[in-house]
Amino acid sequence: MTRAGAYSPPGRQGALVGVVLAAMILPAQPTAAQALHPERPLNAIDWLEDAMSNPIPPELPDTAPDGYLPPIPPRGQADNIAVTPLSPPALDQVGLFVPERAGLPRDLWGQAPVAEVLAGISALPVDTVPSALQLGYRLLLAEFAPPARLQPETQGTVLNARVDKLMAMGALEQATQLIDAAPVRTAALNTRAFDIALLLGEEDRACASMSGQITTDFGHGAQIFCLARRGDWQGAYMTLNATTSLGLLDTSEAALLLRFLEEEDVILTPPPPAELSPLGWRILEALGDPVPTSSLPVAFAYADLRGTSGWRAQLDAAERLTRAGVMQPNRLLGLYAQRRPAASGGVWERVRAVQALDQALAGTDAAALSRALVTAWPQFASVELEVAFAQMFAPALTDGDTDLMALDAPARAIVWQLLLLAQTRLDMAVHLAPDTPTARLATALAQQDPALPDMDNTSMAAAIAQAFSSQPRAQDDTTAPASSGGIVLLDALNSIAHAAIGDPRAARIGLEGLLSLGLDGPARQIAVELLLLERRG
């Protein structure tokens with residue numbers, strides 16, 4: 001007998017379904033005390049009510065023996081005190097840090113059309129250079145004022161779009177912090193919080209937090225799943241029947257939930273939905289039919305870091321999340337160093353290269369260190385982890401007794417790139433830079449040098465130099481609305497993504513857009529990465 005098969009609904013199933021729906025929809029009835037005093041809140045505290053009815057405070061001494069207290073005015077004399085109610089922050093203004101920390105104004109969105117803001121956030125590129133990716137995260141996480149045209153009935157839409165984009169980019173921790181910072185937890189935010197908990201393997205905690213909540217706060221599928229997780233198979237089965245009858249569940253989600261409740265009664269196993277939700281993925285895993293995370297969006301990669309997956313799966317997941325800019329490179333470095341590589345090719349070559357480089361750094365042989373660097377760098381460049389590699393090893397290369405000038409020329413060029421990408425020890429980078437126009441331009445950009453060398457061609461370097469030498473066009477265009485800063489930033493980041501795959505004109509347009517907003521520092525580092533990194537889109 002199956003779990004759900006142990007319960008066979010009697011002929012009064014329709015009545016029972018009606019009871020379930022009534023419990024889901026009807027509000028709680030007032031108690032007898034509230035019926036007698038409708039103005040009195042539920043669970044009113046009697047002693048607090050009595051205290052509130054006597055506004056005269058007890059006598060206090062005029063002075064304090066160990067300190068100063070302001071003199072108490074005579075009883076009955078009114079104090080001239082102004083009272084201003086504090087309003088909670090707007091839902092769409094919620095953020096993790098002030099905009100000034102990102103170098104942007106608080107009213108960045110201004111009068112921009114809300115639909116344009118939402119579309120721009122949704123289209124924010126993820127296949128771009130790392131510094132542009134980090135600037136996109138700052139745009140999503142700062143507490144900017146909502147667009148001025150946002151109507152009360154659409155409040156929360158910008159916050160929802162930001163959380164959705166963070167989840168799509170794999171930034172689950174940041175998305176959770178943004179949800180927790182909201183002054184109220186809407187049904188939309190609760191649903192997203194539940195999806196994040198499923199992706200992180202914290203469904204028991206999520207189910208416990210939603211216990212007793214109204215069904216629509218978390219979605220009907222989540223309620224059915226949590227009822228089953230708590231062992232209430234009868235309640236889960238009845239709720240599934242009721243919500244399916246009313247058309248409140250997606251067809252594919254209803255099929256997965258039915259299979260979850262009646263696993264042994266399902267003869268044919270349907271294929272997973274084309275677009276697998278976190279709930280659907282977790283159900284398939286519970287049924288013993290897990291879908292590999294490598295074929296799913298990057299947010300699903302967290303599942304392979306729970307300790308139940310093999311080392312290879314953990315390495316693949318950590319590389320994806322590091323490339324997405326949501327995992328610290330040192331955590332990936334720790335995974336590389338766990339044990340000896342089990343095979344050859346792919347990620348195992350990077351494990352082998354990291355371990356060889358660590359060993360070379362521990363010694364004093366410049367030739368061995370040169371060989372280790374020349375071997376490791378192409379391995380990480382092939383998977384677009386150059387900046388992470390730089391952050392892993394630039395401190396070790398510069399903080400020890402390593403004589404970098406003793407390295408051979410190819411190794412010195414690699415170290416120069418590492419220092420520029422990690423934005424550290426630029427004084428050393430000057431002495432290691434190759435004698436080429438592009439290297440001179442990249443070094444000048446990294447050092448914040450206002451005088452950049454001229455580039456007499458139509459290459460990427462020439463477009464970048466032109467962007468910094470010309471006046472930003474948005475500042476000169478007096479017809480542009482002052483409220484378009486957010487849209488300018490979104491457009492600039494999209495142009496940078498096109499520049500990353502080799503479009504010089506897009507590089508000039510994108511950098512000019514950033515400079516018009518006063519983002520000189522981020523623009524310079526993005527320009528350095530456009531010169532040094534190769535992206536294939």
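Name the residue that is farthest from ALA381 (Cα to Cα), counting only residues in the range 523-537 that are buried (at least 20 other Cβ atoms within 10 Å of the Cβ) and not hydrophobic (A, V, I, L, M, F, W, C). Only one residue fits best here, namely ARG524. Residue count for the range 301-350 under the criterion of being on the phi > 0 side of the Ramachandran plot and without any contact (Cβ under 8 Å) to a residue 12 or more places away in the chain: the result is 3.
Of the residues making up the range 73-113, those that are open to solvent by less than 30 Å² (accessible area, probe 1.4 Å) and either closer than 16 Å to ASN160 by Cβ or modelled with pLDDT under 50 (or both) are LEU91, ASP92, VAL94, GLY95, TRP109.
The rows are residues; the columns are (1) surrounded by fewer than 20 Cβ atoms within 10 Å (Cβ to Cβ); (2) modelled with pLDDT under 95; (3) touching a Pro at 6+ places or on another chain (Cβ under 9 Å); (4) not in a helix (DSSP H, G or I).
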site	(1), (2), (3), (4)
ARG331	yes, no, no, no
GLY345	yes, yes, no, yes
TRP348	yes, no, yes, no
ARG352	yes, no, yes, no
ARG371	yes, no, no, no
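Name the residues in the range 133-155 that are open to solvent by less than 10 Å² (accessible area, probe 1.4 Å) and at pLDDT below 95, would you? Within the range 133-155, just PRO147 meets the criteria. Based on this model, can you work out whether LEU124 counts as part of a loop (DSSP other than H, G, I, E, B) and surrounded by 17 or more Cβ atoms within 10 Å (Cβ to Cβ)? It is true that LEU124 is part of a loop (DSSP other than H, G, I, E, B) and surrounded by 17 or more Cβ atoms within 10 Å (Cβ to Cβ). Selection of the range 491-515 for residues being surrounded by fewer than 22 Cβ atoms within 10 Å (Cβ to Cβ), at negative phi and not basic (Lys, Arg) yields ASP491, ASN494, HIS498, ILE501, ASP503, PRO504, ALA506, ILE509. Residues in the range 156-172 that are open to solvent by less than 20 Å² (accessible area, probe 1.4 Å) and basic (Lys, Arg): ARG162 alone.
Checked across the range 462-478, the condition of being outside any helix (DSSP H, G or I), modelled with pLDDT under 95 and surrounded by 19 or more Cβ atoms within 10 Å (Cβ to Cβ) holds for at least one residue.
Of the numbered criteria (1) at pLDDT 90 or above; (2) part of a loop (DSSP other than H, G, I, E, B); (3) crowded, with 19+ Cβ neighbours inside 10 Å, the one MET455 fails is (1). Does the range 309-323 include one or more residues that are part of a loop (DSSP other than H, G, I, E, B) and open to solvent by 20 Å² or more (accessible area, probe 1.4 Å)? There is at least one residue in the range 309-323 that is part of a loop (DSSP other than H, G, I, E, B) and open to solvent by 20 Å² or more (accessible area, probe 1.4 Å). Of all residues in the range 220-234, those satisfying the criterion of being surrounded by fewer than 22 Cβ atoms within 10 Å (Cβ to Cβ) and either more than 21 Å from ALA187 (Cβ to Cβ) or touching a Pro at 6+ places or on another chain (Cβ under 6 Å) (or both) are ARG230, GLY231, ASP232, TRP233, GLN234. Is it the case that the range 396-403 has a residue that's under 30 Å from PHE468 (Cβ atoms), open to solvent by 30 Å² or more (accessible area, probe 1.4 Å) and polar (S, T, N, Q)? The answer is no; no qualifying residue exists. Could you grab me the full set of residues in the range 404-452 that are on the phi > 0 side of the Ramachandran plot and either surrounded by 14 or more Cβ atoms within 10 Å (Cβ to Cβ) or not in a loop (DSSP other than H, G, I, E, B) (or both)? Matches in the range 404-452: GLN423, ARG425. Residues that are under 22 Å from the mean Cα position of the chain (by Cα) and in contact (Cβ under 8 Å) with a residue 12 or more places away in the chain number at least 2 in the following helices (runs of 4 or more DSSP H) confined to the range 132-232: 157-168, 172-180, 187-199, 203-209. Of all residues in the range 376-396, those that are touching a Leu at 6+ places or on another chain (Cβ under 8 Å), at pLDDT 95 or above and either of a type in the set (Val, Ile, Thr) or farther than 22 Å from ARG320 by Cα (or both) total 1. Only one entry of ALA368, ALA342, ALA388, ALA422 meets the criterion of being more than 34 Å from the chain's Cα centre (by Cα) and of a type in the set (Gly, Ala, Ser), and that entry is ALA368. Within the range 245-263, residues that are within 12 Å of ALA222 (Cα to Cα) have Cβ atoms under 9 Å from residues that are surrounded by 20 or more Cβ atoms within 10 Å (Cβ to Cβ) and polar (S, T, N, Q) in these pairs: LEU249/THR243; ALA254/THR243, counting only partners at least 6 apart in sequence or on another chain.
Residues satisfying the criterion are absent from the range 351-361 (criterion: under 20 Å from LEU530 (Cα atoms), in contact (Cβ under 8 Å) with a residue 24 or more places away in the chain and touching a helix residue (DSSP H, G or I) at 6+ places or on another chain (Cβ under 7 Å)).
The values are calculated or read from the model by the stated rules, or taken from the named source; none is laboratory data. Nothing here was measured: the structure is a model prediction, and the numbers come from that model. Using ideal geometry, Cβ is built from the backbone for each residue, glycine included, and neighbour counts are taken over all protein chains shown. Accessible surface areas use protein heavy atoms only, side chains included; no ligands, DNA or RNA. Shrake-Rupley method; radii C 1.70, N 1.55, O 1.52, S 1.80 Å.
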